[in-house]
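Notes to accompany the following structure.
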Amino acid sequence: MSVPDISTREIVMRVFVTGASGWIGSAAVDELIAAGHEVTGLARSSASAEALRAKGAHVLRGDLDDLDALRTGADAAAAVLHLANKHDFTDPAVSNSAERTAVQAFGAALAGSGRPFLLAAGVAGLTEGRPATEVDPSPFHGPDSPRGGAENLALEFVERGVHTVSLRFAPTVHGAGDHGFVAHLTAIARRKGVAGYPGDGTNRWSAVHRSDAARLVVASLAKAPAGTLVHAVAEEGVPTRTIAEAIGRAHDLPVRSIAREEVAGHFGWIGAFFGMDLSASSSRTRELLGWTPTGPTLVEDIDAGGYPG
Ligand SMILES: NC(=O)c1ccc[n+]([C@@H]2O[C@H](COP(=O)([O-])OP(=O)(O)OC[C@H]3O[C@@H](n4cnc5c(N)ncnc54)[C@H](OP(=O)(O)O)[C@@H]3O)[C@@H](O)[C@H]2O)c1
């Protein structure tokens with residue numbers, strides 16, 4: 001009887017994780033540990049360090065701006081999963097610059113090693129008028145572009161022997177306890193006494209449950225070829241009006257259209273995202289990685305009280 005070959009990446013690995021204490025990162029760490037991987041998480045606070053140790057992960061204390069810490073983490077690992085982000089949405093240049101600098105440091109540390117480098121990305125701005133797919137390249141290059149052009153920068157490292165995989169997450173990675181975009185929209189709705197949607201509310205947001213996103217991270221680490229653009233997307237597009245209606249239902253608030261010219265004033269910084277069509281498909285990802293999302297939908301999570309506001 002012949003023994004089937006296995007890819008070396010199906011063997012357990014030492015994985016260095018930035019953002020390991022975050023919404024996606026903490027779920028990904030759980031999945032990595034459950035799959036037998038040894039995790040070291042970057043932690044900038046005692047609270048984050050303690051939470052990681054409690055899960056059985058190792059801790060490397062440091063900040064995203066501490067490039068020596070990033071290099072130390074990468075040097076000691078067989079793979080890097082980069083999920084940290086400063087998320088300064090009122091001054092995106094701060095987050096974008098830190099993101100680009102961190103990705104540059106990881107690229108230099110991993111060059112020539114063939115080791116996996118998985119980094120977080122998004123689906124915003126990839127296409128107009130149709131859902132983004134895994135073959136749509138990011139149009140963002142350079143430090144002044146969204147996320148500092150980090151996806152394209154990281155993909156350039158493939159030629160230098162880095163096994164880059166971009167994890168493009170839907171704009172809402174949802175679930176109970178989420179403090180991301182939908183939580184922010186809920187807080188705005190409660191504060192303003194109305195669950196608003198932009199214009200006619202037909203622009204759509206893709207969505208994925210956190211548990212499905214975390215399983216996809218582990219599958220990507222094991223199986224995604226270098227240069228793969230992975231779409232962490234379970235629902236291709238939920239109309240923004242449907243999202244507002246669910247928030248209104250959950251909080252007993254009226255639901256109404258916000259005129260396009262009032263979107264920025266009403267929603268603040270998140271208006272730029274809520275006004276966009278952020279639909280995306282994941283059919284190639286599902287086929288390539290054998291990934292099938294099974295978690296609740298976004299509306300099911302909102303209806304279940306996952307967004308107390
Ligand atoms: N959640 C979504 O819906 C979504 C959608 C699309 C893309 N993404 C991307 O996916 C990635 C993970 O998102 P998330 O929702 O898990 O984010 P999150 O919950 O806000 O977590 C951010 C993580 O980054 C860490 N961090 C922030 N500033 C840092 C700094 N200066 N030094 C070191 N660590 C720092 C945080 O550490 P502390 O615990 O110490 O604060 C935390 O672990 C991000 O790149 C995000 O932009 C997320």
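The values are calculated or read from the model by the stated rules, or taken from the named source; none is laboratory data. Given the structure is predicted, the values throughout are model-derived calculations rather than measurements. All Cβ positions, glycine included, derive from the backbone under ideal geometry; neighbour counts span all protein chains shown.
Quick look at the numbers
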item	result
Residue within the range 168-181 that is buried (at least 20 other Cβ atoms within 10 Å of the Cβ), more than 14 Å from the chain's Cα centre (by Cα) and not charged (D, E, K, R) present	no
Scan of the range 246-297 for residues that are within 25 Å of the chain's Cα centre (by Cα), assigned to a helix (DSSP H, G or I) and small (Gly, Ala, Ser), ordered by number	ALA246, ALA264, GLY268, GLY271, ALA272, SER283
Unique residue being under 17 Å from the mean Cα position of the chain (by Cα), part of a helix (DSSP H, G or I), under 22 Å from ALA170 (Cβ atoms) and not polar (S, T, N, Q) when the list is ALA154, ALA121	ALA154
Residue in the range 82-96 that is assigned to a helix (DSSP H, G or I) and more than 22 Å from the chain's Cα centre (by Cα) present	no
Inter-residue pairs, beta-carbon under 7 Å, first among the polar types (S, T, N, Q) and in the range 289-309, second surrounded by fewer than 20 Cβ atoms within 10 Å (Cβ to Cβ), 6+ apart	THR292/ARG286
Cross-chain or 6+ apart pairs with Cβ under 7 Å, the range 1-26 first and over 15 Å from ALA77 (Cα atoms) and modelled with pLDDT of 95 or more, then part of a loop (DSSP other than H, G, I, E, B) and of a type outside the set (Gly, Ala, Ser)	GLY19/LEU83; GLY19/ASN85; GLY22/LEU83; TRP23/ASP178; TRP23/HIS179; ILE24/LEU83; GLY25/LEU83
From GLY268, GLY290, GLY309, GLY305, residue being on the phi > 0 side of the Ramachandran plot and at pLDDT below 95	GLY309
One residue from THR72, THR133, THR40, THR101 being more than 13 Å from the ligand (Cβ to nearest atom) and farther than 14 Å from VAL17 by Cα	THR133
Unmet criterion (only one of (1) assigned to a loop (DSSP other than H, G, I, E, B); (2) under 14 Å from VAL230 (Cα atoms); (3) within 11 Å of the ligand (Cβ to nearest atom)) for LEU126	(3)
Criterion: part of a helix (DSSP H, G or I) and modelled with pLDDT of 95 or more - qualifying residue of LEU42, LEU32	LEU32
